[in-house]
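Heads up, the thing below is written out as structure tokens.
Laboratory data are not the source of any read-out in this text; all were calculated from the coordinates shown. Everything quoted here is computed from the prediction, not taken from an experiment.
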Amino acid sequence: MQIPEPSQKFSNLQLELLRLYEHDVDEEELLKVKDFIGKMFLQKLSDKANFSLREKEISPDQLEQWLNEKS
């Protein structure tokens with residue numbers, strides 16, 4: 001499998017994943033990779049959210065109230 005040239009506007013992550021998937025992996029390994037990637041991005045999002053909440057001095061109670069408001 002030939003990896004596309006960067007001119008095709010793939011991100012560095014997409015290119016690396018294409019290199020990884022150039023090799024056959026069993027379903028269990030594939031699920032582990034998906035789980036790892038999902039957890040990594042969830043942690044990144046959580047870190048950014050926590051930073052924003054601290055920066056704007058939003059309390060956990062305020063956040064909980066907002067999350068439970070009906071639209």
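Brief remarks on what is shown
- Taking the criterion of being in a helix (DSSP H, G or I) and among the hydroxyl-bearing types (Ser, Thr, Tyr), the residues of the stretch 9-55 that qualify are SER46, SER52.
- If the condition is being closer than 17 Å to LEU13 by Cα and among the aliphatic types (A, V, I, L, M), then the stretch 27-44 contributes LEU30, VAL33, ILE37, MET40, LEU42.
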